[in-house]
Amino acid sequence: TGLFDEPREGRPLKLSREDEEFIRSQIGEEPRNVKKILALLQDKRGKQVSEWTVKRALKKANLRWKRVRKSLKS
């Protein structure tokens with residue numbers, strides 16, 4: 001009986017609210033580089049998540065991520 005948890009919906013979140021606030025603060029400094037934010041998140045917070053998890057957290061904060069076009073249309 002000690003192994004059973006209380007009923008809940010879905011799996012626990014990987015990022016806490018503090019982690020999401022940290023991501024939002026770092027995106028202001030590095031708006032185009034999600035990989036740097038991943039490295040900072042692992043170094044300073046000890047969380048290893050995927051790039052899509054960070055993008056989902058930004059989308060949850062009503063921010064959009066779009067790729068940067070490297071060449072101009074002619």
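Quick note: the coordinates plus some simple rules give every number you see, no bench work behind them. The shown structure was predicted, so the numbers you read here are calculated from the model rather than taken from an experiment. In this analysis, Cβ positions are derived from the backbone assuming ideal geometry, glycine residues included, and neighbour counts consider all displayed protein chains.
Here are a few things to note about the model shown:
- Cross-link pairs beyond the 24 Å C-alpha cut-off, checked among LYS35/LYS59; LYS36/LYS70; LYS35/LYS73; LYS36/LYS60: LYS35/LYS73
- Remark: the chain carries a charge dipole of roughly 780 debye about the Cα centre, counting +1 on each Lys and Arg Cβ and -1 on each Asp and Glu Cβ.
- Among GLY28, LEU40, ALA57 - extreme Cα towards positive end, dipole of segment 17-60, charges at beta-carbon: ALA57
- The aspartates and glutamates within cross-link reach of LYS47, meaning a Cα-to-Cα straight distance under 15 Å and a gap of 8 or more places when in the same chain, are GLU18, ASP19, GLU20, GLU21.
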